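Just below is one structure, and these are the notes that go with it.
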């Protein structure tokens, strides 16, 4: 019986038939790997996710972490699962062998991690955050910081967090006020309050490594005066052993409707309750140079945002597979043209409207997964392509795609979860089935790691204009190359290529028209609509790519392959017929330089 | 401080300035009423909803009813609120004075009830179901049945349920198997299991009156052999006093993600555990004639489905008002064109993207409320218009609009709740704010009382074709009359009228094209897309109607009126610019007679 978490067949198609990740093993970084090692690690991920993470997904939702004023208690299964996860070494799947990593391509490690996100997104959040933290320190930390903090994280002894938001500063990081005062010994003392910190306190690991954005007094105002610090929950003594508690105090837990198994915290730094040594403040260690905090954070955002998109995709994917399984076994109703009540009922998968809801989900989740893995592949190109020009192209293209790979799955795989509930009918909103939880869990993804609106400003306000529009030009050129290939392939691919080409022209024209106004307020007024339209064009491109990969695989397949390929074709058709046309009115609106929202006054609401 | 449940100003605008419900008092049925009595009862509803229902909305969500195998326990505040509700007489707001009702127009009583749905939809569900039950018995029950069962329901002593679904029969009522065996004394004994029964057991009232669909052995198969029965939880003795327990057994409670304060039950009828008199089976009383059960149910569906639409609207509305209040007080970020970090932050309502999310919500919830009250007004016309032809027109138009007034608010006011969360940012998915609960509660509305897909088949398969298309022709003609009026009004109304006229033409053409195929399977393949497109056209009509009402009110308003009217204009613009154009690609798809879903095979998924 195939998994209802993800589709092994689809992962293999995307990684091997389409992205051809096996060829990466020709590069020195991946020389130790082969298709066999990729398959082995993917199977390991599936097995651990299925056996250790999925079984307590509902229990973690029903039994939130609690805080009695002294300790945070979590479901025992969470720690048990994370211990197994650490033993497998999967946390460091993509990291350098020099720090204990497997040195896998990102495309493969993202696929591995998606198994855990599909199985139990709230337990998977702990290693997700830890990995993000480790990546940042690997990029900007000193050798000593890597040895002290990253190595224990890689082994699962320490977990990590990202402490950005404060009560008055969420989307607007310019407004953070946490301050870091330099001490004579070169360390800092931090004072401030951090909000929405996932994994901010727990007893799942020996220590928690907080990465904290804060201001060094005297620095410039706004985002230019933000620095990055390591602030551990527990200080280490000179020999590296766990010592006194640092002055990081859990004020309370936030209670959410989703990701309920992940502790989400309000933390006070330097409020004096846990003063370790008579000096006030939480002990912190500067990462890199002062005032570079935001740039450092942004540099690792690409990876974190692909990760959020991957999580949203995984939740959408498992919801799709579960609703498909339900639709195949639930009898209800009869053909519209022949309602003989004495005939047996049909499984609901036979009804056109249910097929519509399943095809929509399939087109969203498989389209999103393709985009996530494509971005993982770009990360690999950026890091390991032999030619500098190719690395640079990959970096630029990934910069363009980052707001899309974060927001598109968050929006549309949430929509997939909504449809998964609908396929279940009344059963879908009971807690007897998983789909309602997936929907609640997935609702966080359009908000955390930068809201939809922030991604939209990033895409249209920053990415589309950076380097004189070079990023946008590269994206358009790259999609155009697929269109041209599809055009030459003739048949259905050529027909879809024509439609994608038309939509692509509109992306270019609309972007120019918006910025030709010379008025950023006008240009950005409908940035969210722009993000959605460009997102649909990008995913249509992913579908055309998949269609071409199917046609390339062509007649070679056996029975199951024929059905698999037919499903890919039909989902591609669905996306081009039902989804891509949505962009027409969106481009029309953008082209009209609509001022409806700008002209709305607060007192008119 | 204005309410964050509903807008009194908007309700007055819709009821008085637009629907002119005061003129109904010229009719005999409403002769005792006046604008003053309407205002008084609306104020009463607001006050009781605010003081008695809203305060325990979250508590009812957090503390679900429990069943210990003997008794169902509910939060004490639920019963306290319902007792006050019963004392006000609001349950019978629209019912005849002869049974203790207030004899209010449905447009007014729907507005009253919306306050309770906005305040606490799960507590409001008990009177909602009781009223639906009472209406059905008033239409089809004998005088004795009305005296025995309806009068205690009107006074709040008994509550009512609707028992339709069974484990194997949800959307497909043809498949119910509960059987009702006639006894020598003319009563029946029922045997079977009913699923998803809201309010199916509790101790909130002295008795529960179940209305149960069942088959009398020997009747025709399918929907033509279904009859309707009264099956009380507690039997009455000859003097009408509460007697022995009937053989209706609570098997268990369903646990949902929303409406958590409403008990939702699996009930066994006639399983012998509570056999009252040695004869097996649950004692039931036939309502009307045998085999008329489904027709009877459908006759009262119009009202129940308006009620579901009203509930969805109320949840959307309160979410909108709460997100607006949040946006006005939450400072975050600065103008896109001037990001001086030393300047104070703006309230987020000042950002274009937040205004977009608020305008979208406003256009959905006020559009939906207009549609709900318009349908209430049609119910009043159907019941009290002096000329039979007008009553008949109202009935036909309401038949057409019923699947839309049920499904459109369920879809788009749920979308409004999603946006309300987004406006709140990270705070929106915590349980510290109401909006996440509204979103969960609202997710039930696209499923219960007939799923979206069932409403779509009803609209395109039944309503659009009934009486040779007379219903659709009437709908188009009625909308066209508004278009013509707006056209003559010139200015902005004329511009919007032209767009609505264009969309209306497509409704007619597309419907004809679909049925001209002569192939019901093809015609209905994309019924859901048809439902969504026609729904948007209908709500655009509601916005054009509101715009005309604003223009008619014109220069007369004082300060607050000017702002209120400007808001209505802007929301109308928003709907026509951002929403109505969505229908273009939907009509294109329908016109293309797309077969993507029909051709999809189960083994291709």
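Just so it is clear, none of the values below were taken in a lab; they were calculated from the coordinates. Since we're looking at a predicted model, the values are computed, not measured. Cβ atoms come from the backbone with ideal geometry, glycine included; neighbour counts cover every protein chain shown.
As an exercise, use a Förster radius of 41 Å and the Cβ-Cβ distance of residue A:151 and residue B:338 to find the FRET efficiency, rounded to the nearest 0.05. Numbers along the way, then the final one.
Working: r = 46 Å, r/R0 = 1.11.
E between residue A:151 and residue B:338, to the nearest 0.05, is 0.35.
Suppose each label sits 7 Å from its Cα in the direction of the beta carbon; what would the residue B:495-residue A:603 distance come out to in nanometres?
Distance between label points: 2.4 nm.
Tell me the distances, shortest first, between residue A:58 and the same position across the other copies, using label points 7 Å along Cα→Cβ, in nm to one decimal.
Result for residue A:58, in nm, nearest copy first: 2.8.
Computed FRET efficiency, Cβ-Cβ of residue B:241 and residue B:29, R0 45 Å: what is it to the nearest 0.05?
Details: r = 34 Å, r/R0 = 0.76.
Once rounded, the FRET efficiency stands at 0.85.
For the residues B:299, A:210, A:291, what sequence is obtained by ranking on other C-beta atoms within 10 Å, fewest first?
Working: B:299 14, A:210 27, A:291 17.
Arranged by neighbour count, lowest to highest, B:299, A:210, A:291 become B:299, A:291, A:210.
As a check on your grasp of the helix formula, calculate [θ] at 222 nm for chain A: sum -39500 (n - 2.57) over DSSP H runs of n ≥ 4, divide by the residue count, round to the nearest 500.
Details: 19 runs with 307 residues, N = 605.
Result for chain A, helices only: -17000 deg cm²/dmol.
How do A:159, B:13 rank when sorted from fewest to most other Cβ atoms within 10 Å of their own Cβ?
Neighbour counts put them in this order, fewest first: B:13, A:159.
Enter the angle in degrees (range 0 to 90, nearest 10) between the Cα long axis of helix A:352-384 and the first principal axis of the Cα atoms of chain A, meaning the one along which they spread out most.
50
State, to one decimal in nm, how far the label point of residue B:203 lies from the label point of residue A:431, with both points 7 Å from Cα in the Cβ direction.
2.3
If I take every Cα pair under 8 Å that is 6 or more residues apart in the stretch A:451-605, average their sequence separation and divide by the length, what percent do I get for the relative contact order?
On the way: 122 pairs, mean separation 44.4, N = 155.
RCO, the stretch A:451-605: 29 percent.
How much length is gained on full extension from residue B:563 to residue B:592, taking 0.36 nm per residue of separation minus their Cα-Cα distance?
Working: separation 29, 0.36 × 29 = 10.44 nm, distance 4.41 nm.
Stretched fully, the residue B:563-residue B:592 segment lengthens by 6.0 nm.
Shortest first, in nm, what separates the label point of residue A:203 from those of the same position in the other copies (7 Å along Cα→Cβ)?
3.9
Return a whole-number percent for the relative contact order of the stretch A:46-109, with Cα pairs under 8 Å and 6 or more residues apart as the contact set.
On the way: 51 pairs, mean separation 13.1, N = 64.
Reported as a whole number, the value is 20 percent.
In degrees from 0 to 90, rounded to the nearest 10, what is the angle of the helix B:388-424 Cα long axis to the longest principal axis of chain B?
Result, in degrees: 70.
Mean separation of Cα pairs under 8 Å and 6+ residues apart, divided by the residue count of chain B: what relative contact order is that in percent? Each step should come with its number before you reach the end.
Details: 1040 pairs, mean separation 72.5, N = 605.
The value is 12 percent.
Going by alpha carbons, how many degrees (0 to 90, nearest 10) lie between the helix axis of A:106-119 and the longest principal axis of chain A?
Compared with the principal axis, the helix lies near 90 degrees.
What spacing in nm lies between the two simple spin-label points modelled at residue B:488 and residue A:392, each 7 Å away from Cα in the Cβ direction?
According to this spin-label approximation, the distance is 6.9 nm.
Quick one: A:155, A:440, fewest Cβ neighbours within 10 Å first, how do they rank? Don't jump to the answer; show the numbers that get you there.
Numbers: A:155 15, A:440 24.
Ranked by crowding around the Cβ, least crowded first: A:155, A:440.
From the label point of residue A:484, set 7 Å along Cα to the beta carbon, how far off in nm is each other copy's matching point, shortest first?
Values, ascending and in nm: 5.7.
Tell me, what is the FRET efficiency for residue B:83 and residue B:62 to the nearest 0.05, using R0 = 22 angstrom and their Cβ-Cβ distance as r? Intermediate values should be presented prior to the final figure.
Working: r = 22 Å, r/R0 = 0.99.
The calculated FRET efficiency here is 0.50.
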